[in-house]
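Below is one structure; the comments refer to it alone.
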Amino acid sequence: MYSTVYFLPILGLLVLIYAAWRASWIKSQDAGEEKMTEIAHHIAQGATSFLQAAYKSIILFVGLTCLGLLILGSTVTSHTHPLIAITFLLGALTSATAGWMHRQHGPLSGGRHAARLQFLRRFQ
């Protein structure tokens with residue numbers, strides 16, 4: 001079990017390095033015509049609005065659940081540990097970060113993919 005405790009954060013760091021490399025590659029690709037860039041921008045704005053609204057409603061749930069886990073973990077008769085609340089909070093934060101990163105790079109990759117398809121169709 002203890003080897004897993006060290007292995008998983010290292011694996012997570014490697015995944016983040018890979019994601020950063022892929023994101024920089026996506027940004028280096030042709031963004032396409034002005035209309036495609038405009039559509040991708042509107043999609044990104046909509047995704048931002050959605051995530052902001054979702055995060056506002058989820059933050060109350062995460063806070064109350066974390067508090068409940070902390071209280072349950074602190075009782076003497078409990079078979080759990082207060083650190084479970086911290087891991088729950090870290091999981092919620094990393095999930096929110098992943099959603100935000102996808103919001104940043106999703107429209108970029110979609111627009112660039114459409115531009116690439118349009119480029120390839122010229123040769124058919």
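Expressed as a whole number of Å, what is the distance separating the alpha-carbon centroids of segment 15-43 and segment 51-66? Taking the Cα centre of each part, segment 51-66 and segment 15-43 sit 28 Å apart. With no solvent and one equal point scatterer placed on each C-alpha of segment 1-62, evaluate the Debye formula and give log10 I(q)/I(0) for q = 0.14, 0.25 Å⁻¹, two decimals. Normalising to I(0) and taking log10 leaves -0.76, -0.95. Name the shape class, rounded, prolate or oblate, that the alpha-carbon gyration tensor gives for segment 63-124, where a ≥ b ≥ c are the square roots of its eigenvalues, rounded holds for a/c under 1.5, and otherwise prolate holds if a/b is larger than b/c and oblate otherwise. It is prolate, given that a/c is not under 1.5 and a/b is the larger ratio. For the chain, the equivalent ellipsoid built from the Cα gyration tensor has semi-axes of 41, 20, 8 Å, listed from largest to smallest.
The stretch between residue 122 and residue 16, if pulled fully straight at 0.36 nm per residue, gains 34.6 nm over its current Cα-Cα span. For segment 95-124, the residues whose amide N sits under 18 Å from a probe point set 7 Å from the Cα of residue 33 along the beta carbon direction are 110-124. With the chain treated as a Gaussian network of Cα nodes joined by springs under 10 Å, which of 96, 44, 20 yields the largest mean-square fluctuation? Among 96, 44, 20, the largest GNM mean-square fluctuation belongs to 20.
Any read-out appearing in this document is the output of simple, stated calculations on the displayed coordinates, not a laboratory observation. Everything numeric in this text was worked out from a predicted model, so none of it was measured. Using ideal geometry, Cβ is built from the backbone for each residue, glycine included, and neighbour counts are taken over all protein chains shown.
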